[in-house]
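Every read-out reported here was derived from the displayed coordinates using simple, explicitly stated rules and does not represent laboratory data. Remember, predicted model here, so these are calculated numbers, not experimental data. In this analysis, Cβ positions are derived from the backbone assuming ideal geometry, glycine residues included, and neighbour counts consider all displayed protein chains.
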Amino acid sequence: MAINDEDKKTLIKYRISRAKDTLGEVNILTQNKFWNTAVNRIYYACYYAVNALFVKHGLFPHTHSGVRQMFGLHFIKTEIFDKEMGRFFSDMYDKRQTGDYDDFITYTEEDILDLIPVAESFIAKIEEHLNIDEL
């Protein structure tokens, strides 16, 4: 998929905006004790940020597992981002899968509240790498 530089900048900014908006939804969900849905939204917030990163670097995976694998291969193994970010994203992928598709899985307030600041930091690090202000 080839896109011009201006479209690339627009898409990167859109995806970072979507990441932040999606993370903002988590506050509403936690206030209403929708813990499993909050896990879903935390994962998707990080997913949108990773996809913004991929646009900048010309990577266009087609599946969620492809996003997870390519993030590890291109950004964790190369030490652009630390291993903790890779583990967090992979863990969020697994939690989202479990919460969305497995029976009798109920996340708790304690599960979620610890994830929010890590997700905020995750998105901020990607945004810093993207240097949004310079786009």
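List D103, D114 from most exposed to least, where exposure is judged by having the fewest other Cβ atoms within 10 Å.
Working: D103 4, D114 9.
Neighbour counts put them in this order, fewest first: D103, D114.
What does the convex hull of the Cα atoms come to per residue for the chain, in Å³? Provide the component values of the computation, followed by the final result.
On the way: hull volume 13.5 nm³, N = 135.
Output value, Cα hull per residue: 100 Å³.
Nearest 10 degrees, 0 to 90: what angle lies between the long axis of helix 5-31 and the longest principal axis of the chain (Cα atoms)?
10 degrees
Quick one: what are the phi-derived ³J(HN,Hα) couplings along region 92-101, Karplus 6.51/-1.76/1.60 with θ = phi - 60°, whole Hz, x for glycine and proline?
Listing the rounded values in order: 5, 4, 5, 4, 5, 4, 5, x, 7, 10 Hz.
Could you tell me which chymotrypsin sites (Phe, Trp or Tyr not before Pro) in region 99-135 are loop residues by DSSP with no more than 15 other beta carbons within 10 angstrom of their beta carbon? Working shown, then result.
Details: sites: Y101, F104, Y107, F122; in loops: F104, Y107.
Counting only loop positions with at most 15 other Cβ atoms within 10 Å, the chymotrypsin sites (Phe, Trp or Tyr not before Pro) in region 99-135 are F104.
Got a sec? Charge dipole of region 5-134, +1 on Cβ for Lys and Arg, -1 for Asp and Glu; which of M85, V50, Q31 is way out at the positive end?
In region 5-134, that residue is V50.
Out of the trypsin sites (Lys or Arg not before Pro) in region 30-81, which ones are loop residues according to DSSP with at most 14 other C-beta atoms within 10 Å? Don't skip to the answer; put the middle values down first.
Details: sites: K33, R41, K56, R68, K77; in loops: K33, K77.
Loop-located and lightly packed - K33, K77.
Before rounding to the nearest 500, sum -39500 (n - 2.57) across all DSSP H runs of length at least 4 in the chain and divide by the residue total; then give [θ] at 222 nm in deg cm²/dmol.
Working: 6 runs with 97 residues, N = 135.
The per-residue figure over the chain is -24000 deg cm²/dmol.
With +1 on the Cβ of every Lys and Arg and -1 on the Cβ of every Asp and Glu, and nothing else charged, how large is the dipole of the chain about its Cα centre, in debye rounded to the nearest 20? Write out the running numbers ahead of the final one.
Details: 16 positive and 22 negative charges, 77 e Å.
Once rounded to the nearest 20, the dipole reads 360 debye.
Taking the beta-carbon count within 10 Å as an exposure proxy, list S90, S65 from fewest neighbours to most. Please report the intermediate quantities before stating the final value.
Details: S90 15, S65 11.
Ascending Cβ contact count within 10 Å gives the list S65, S90.
Which ³J(HN,Hα) values, rounded to whole Hz and listed in residue order, are derived for region 36-43 from phi using the Karplus coefficients 6.51, -1.76 and 1.60 in 6.51 cos²θ - 1.76 cosθ + 1.60 with θ = phi - 60°, glycine and proline given as x?
With the stated coefficients, region 36-43 comes to 5, 5, 4, 4, 4, 5, 4, 4 Hz.
Please identify the GluC sites (Glu not before Pro) of region 1-81 that satisfy two criteria: DSSP loop assignment and at most 10 other Cβ atoms within 10 Å. Which are they?
Numbers: sites: E6, E25, E79; in loops: E79.
Here the sparse-neighbourhood loop sites are E79.
Measure nothing fancy, just the Cα-based angle from helix 115-130's long axis to the longest principal axis of the chain, in degrees from 0 to 90, nearest 10.
With both axes taken from Cα atoms, the answer is about 0 degrees.
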